[in-house]
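For reference, the structure discussed in these notes is given below.
The values are calculated or read from the model by the stated rules, or taken from the named source; none is laboratory data. Owing to the predicted nature of the structure, the values given are computational and were not obtained by experimental measurement. Because the Cβ atoms are built from the backbone with ideal geometry, glycine has one as well, and the counts that use them run over all protein chains shown. Please note that ligands, DNA and RNA were not included when accessible areas were found on the heavy atoms of the full protein model with its side chains. Shrake-Rupley method; radii C 1.70, N 1.55, O 1.52, S 1.80 Å.
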Amino acid sequence: MSMEASELHDLSDDADYAASQQQGSASMMRCDSEKRSSSSEHEGAELIYLKDNVAIHPTQFASERISGRLKLTKQDSILFLSWIPYKGQTSNAKLSEKDRSLYTITAVPFTEVRSIRRHTPALGWQYVIVVLSSGLAFPPLYFYNGGVREFLALVKQHVYLARSGEDANVFLVNDFQSPLQRTLSSLELPSSLPVASGQSTYPLDGGSSSDSQGRTSAGVDNRVSQYVSRKQKSHDPTRDLSIHLLEKFSLVTKFARDTTTQLFSENNGFGSVDKRWNNQPVHSYSEKLTNIAEEKDNENHHSYPEKEHLNDEEINLVDVPADPLEFNKLSLVWGKPRQPPMGSKELTAFLDSEGRVVESKALRERVFYGGIEHQLRKEVWPFLLGYYAYDSTYAEREYLRSVKRMEYATLKQQWQSISPEQAKRFTKYRERKGLIDKDVVRTDRAFEYYEGDDNLNVNSMRDILLTYSFYNFDLGYCQGMSDYLSPILFVMGDESESFWCFVALMERLGPNFNRDQNGMHTQLFALSKLVELLDSPLHNYFKQNDCLNYFFCFRWILIQFKREFEYEKTMQLWEVLWTQYLTEHLHLYVCVAILKRCRSKIMGEQMDFDTLLKFINELSGHIDLDSTVRDAEALCICAGENGAASIPPGTPPSLPLDEGVLYPQDDDVL
Amino acid sequence: MLRWICWKSTVPVFIEQRYSLLFLVSSSSSGVGVSIRLSLRILISSPSMSYAYLFKYIIIGDTGVGKSCLLLQFTDKRFQPVHDLTIGVEFGARMITIDNKPIKLQIWDTAGQESFRSITRSYYRGAAGALLVYDITRRETFNHLASWLEDARQHANANMTIMLIGNKCDLAHRRAVSTEEGEQFAKEHGLIFMEASAKTAQNVEEAFIKTAATIYKKIQDGVFDVSNESYGIKVGYGGIPGPSGGRDGSTSQGGGCCG
């Protein structure tokens, strides 16, 4: 085994290879090479530890994994970490020797290591992430043969290793006081917000087995008490996130700095990385938005006195305040790349022999990062929506379906049995029926499943909505409901099953349709708080221009982007939102993500409320889903605990806080 | 879709998006100077693509009375019985000609359901004209006019021109509101009135244009301070007398009804 004594220490980002997904050697980082070269020579070092079959996964593809040997050596009482890829692995045809050597870790002294994060999932390989004091993180080192615990135990014998108070899986090497504080201050986030509601983010690690009852377990009392007093240190999801934040944020700044100093210049063998920047979906997305925006650009007379200067890429005549988060670079590093949709083999692996979802959190995570193959949606959506319990068996679900089928028939019978004579004396019923009749024929009729005259699916939609308006007479029917029902019916097929899935969805989103619009206003308010947190210049712009009501995001939130994406994409987005994996309110972060992509357009052109509303409306059909979700994830992680605190408890789709009056009534109206 | 460009630095003009797209699509940083010049040439040959004024309209009324269909008939000259219900607001735009002046109408088509009133109210701001629509075959949509009017009076500027439209006049056999009632209501509340059909296009053009003519007259009469955009009027380049307007060329102000 010979060492590649490369002077380049190329670090991809952490576990998730946010950027490296795109190309094999993407997202390289280069350490300060001069500094490192001094430590690359070390003769007479004592071998402390040697572990074979420790691998790096530069991409998702199994064929591109690089196996190697992990070593700990000691010289002059300093412990060094090395990882050397095996030479001449035939399976790695796609990666050249050069590529592989980029990942080589050559004798990094532990004096430069800040922390080691341990991941020991129940399923899959254990790995560690080594984070340097400089903030850079090496890519995860996967221990194919296990032994992470032993590795750490050995490290501990030679260096001072302290388990982080914030996260039991993080071991601090060069201890410093408060990672959380440091992280947040480096983000310059306002810290005046109250302590977060822990309930709005799901724990990332640990406690997964107790999660089996799914999101319905998010009890109201529990939530309130957590909101009021929350000082539990163990399994605090936001703290966990903040460690992520720490690992990643420093990476971001370094990333940004290095990129601008031509790290990826052509003559250093990183040509492919350059290309990646151009092909990056996030990048092209923003370009695309700029293009649409330019196409839409009009009407805005006074801000363009001299349009002859149009040739600038950015036609911003006004100085646009910089994005405090450097968002463009952020999501490259933070949001995980999307995976292909979950297939049936994968789904089966989540089920035990009797059909229970063993690790509901793992399932939700999987769906969060890639969605579901269409033919499986029928099976998975009822779980995500809360209609099926994760710990139910095949038999129990079969039984549930039959019981619910009868219950649905009974409910449906209630309005079906209304005679014309009775209907004459039942204005509310007539009005509702009239409204529903009018709307179902105006819902997705261009979509094959609902097109044509006398379409039976349209009839089913009408029956379900009318039945729902009896099931939940207080809420009744409101426009937008049919937009939610349409994909559900398309996926579930069966009328009763669709009804109960719809009921489950409305348990959370019903407040969107409250007569007083309270649910909508709460969400729009939370959105404004999130923008304030994540992009204060943009927030100030909205404030100055009387746009703080965020009505321009009304349609986005009311029907969760149903009108902004094509049908299939909407279903993909919804199942991601429904996992409630990182937060119950990912949709709000999606709003922020889109707004941030347009921020320079909005502020540069000095859009007023009308122009902004029109601009946002016309983004429909031009938003790239994958990069937007990725941005949203990045923003959610970035906002962390402060983000969660910006969203008042009970904000839909959180379950309502007060079970008393679910749907405030207004007697004047229908 | 229009693109704002500047002509000789002093005369602001709009040209239609399809032209600008044609020439600006290759606007790399080096090629734009040329493309601008090309655009200008198009401009010179088609002065009718510019406008003297832009009026903001808002279409309001109960759900299902045909607001979106009226808009589509006006902007696209077609009737689409199958279309998605409106959530929030949709936009349309068209050029018309009044007094030989090209005028652009930017039309906001709102959702009609009661629940969304609080949102809809925010759209009144800065509207120069409103089309208040009811369905002549559904009495209740007529009965709700007063509450719509109250919203409009409360949230729009006082000089907003309101056109009352009794839609679906092609369905005379199902009529539930007489023409006289419509006329009476309009008279009482100082509205312009027309019955129309988005399906047959009857009076659709006329309704939009007559509203614009009324607004235009108010400008001529000095009712508006056109430099104040809260009146829903934006001034274009003002002076060039276009030959025949945009794609309609119609200045007819036909009123009446089809009852």
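Computed values, structure above
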{"quantity": "Positions within the stretch A:438-472 being within 11 Å of chain B (Cβ to nearest Cβ), open to solvent by 50 Å² or more (accessible area, probe 1.4 Å) and either assigned to a helix (DSSP H, G or I) or of a type in the set (Asp, Glu) (or both), in sequence order", "calculated": "A:Lys438, A:Glu451, A:Asp453"}
{"quantity": "Test for A:Tyr541: is it aromatic (Phe, Trp, Tyr), part of a helix (DSSP H, G or I), farther than 26 Å from B:Asp109 by Cα and touching a Leu at 6+ places or on another chain (Cβ under 9 Å)", "calculated": "no"}
{"quantity": "Within the stretch B:70-179, helices (runs of 4 or more DSSP H) holding 1 or more residues that are without any contact (Cβ under 8 Å) to a residue 40 or more places away in the chain, among the small types (Gly, Ala, Ser) and within 24 Å of A:Arg442 (Cα to Cα)", "calculated": "B:117-120"}
{"quantity": "Residue in the stretch A:571-583 that is open to solvent by 10 Å² or more (accessible area, probe 1.4 Å), in contact with a Leu (Cβ under 8 Å, 6 or more places away or on another chain) and within 13 Å of chain B (Cβ to nearest Cβ) present", "calculated": "no"}
{"quantity": "Filter result (surrounded by 15 or more Cβ atoms within 10 Å (Cβ to Cβ) and either touching a residue at least 40 places away in the same chain (Cβ under 8 Å) or closer than 30 Å to B:Val82 by Cα (or both)) within the stretch A:397-417", "calculated": "A:Arg397, A:Arg401, A:Lys404, A:Arg405, A:Tyr408, A:Leu411, A:Lys412, A:Trp415"}
{"quantity": "Looking only at the stretch A:498-543, and only at residues there that are open to solvent by 10 Å² or more (accessible area, probe 1.4 Å) and acidic (Asp, Glu), the one that is farthest from the chain's Cα centre (by Cα)", "calculated": "A:Asp516"}
{"quantity": "Residues of the stretch A:544-564 that turn out to be in contact with a Ser or Thr (Cβ under 9 Å, 6 or more places away or on another chain) and surrounded by fewer than 20 Cβ atoms within 10 Å (Cβ to Cβ), as a count", "calculated": "2"}
{"quantity": "Helices (runs of 4 or more DSSP H) enclosed by the stretch A:351-421 - at least 1 residues per element that are closer than 23 Å to A:Phe470 by Cβ", "calculated": "A:374-385, A:394-416"}
{"quantity": "Residue list for the stretch B:121-153, restricted to those being at pLDDT 95 or above and within 10 Å of B:Ile60 (Cα to Cα)", "calculated": "B:Ala130, B:Leu131, B:Leu132, B:Val133, B:Tyr134, B:Leu145, B:Trp148, B:Leu149"}
{"quantity": "Failed criterion for B:Gly236 (all others in (1) modelled with pLDDT under 95; (2) open to solvent by 60 Å² or more (accessible area, probe 1.4 Å) hold)", "calculated": "(2)"}
{"quantity": "Residues of the stretch B:205-232 classified as under 19 Å from B:Gly190 (Cα atoms), open to solvent by 10 Å² or more (accessible area, probe 1.4 Å) and of a type in the set (Val, Ile, Thr), total", "calculated": "3"}
{"quantity": "Subset of the stretch B:70-86 (residues that are of a type in the set (A, V, I, L, M, F, W, C) and in contact with a strand residue (DSSP E or B) (Cβ under 8 Å, 6 or more places away or on another chain))", "calculated": "B:Leu70, B:Leu71, B:Leu72, B:Phe74"}
{"quantity": "Residue in the stretch B:188-202 that is modelled with pLDDT of 95 or more, over 19 Å from the mean Cα position of the chain (by Cα) and assigned to a helix (DSSP H, G or I) present", "calculated": "yes"}
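Yes or no, residue by residue, for (1) buried (at least 23 other Cβ atoms within 10 Å of the Cβ); (2) away from chain A (no Cβ under 11 Å); (3) out of contact with any helix residue (DSSP H, G or I) (no Cβ under 8 Å at 6 or more places or on another chain):
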residue: B:Leu70; (1), (2), (3): yes, yes, no
residue: B:Phe79; (1), (2), (3): no, yes, no
residue: B:Val82; (1), (2), (3): no, no, yes
residue: B:Leu85; (1), (2), (3): no, no, no
residue: B:Thr137; (1), (2), (3): no, yes, no
residue: B:His155; (1), (2), (3): no, yes, no
residue: B:Met163; (1), (2), (3): yes, yes, no
residue: B:Asp170; (1), (2), (3): no, yes, yes
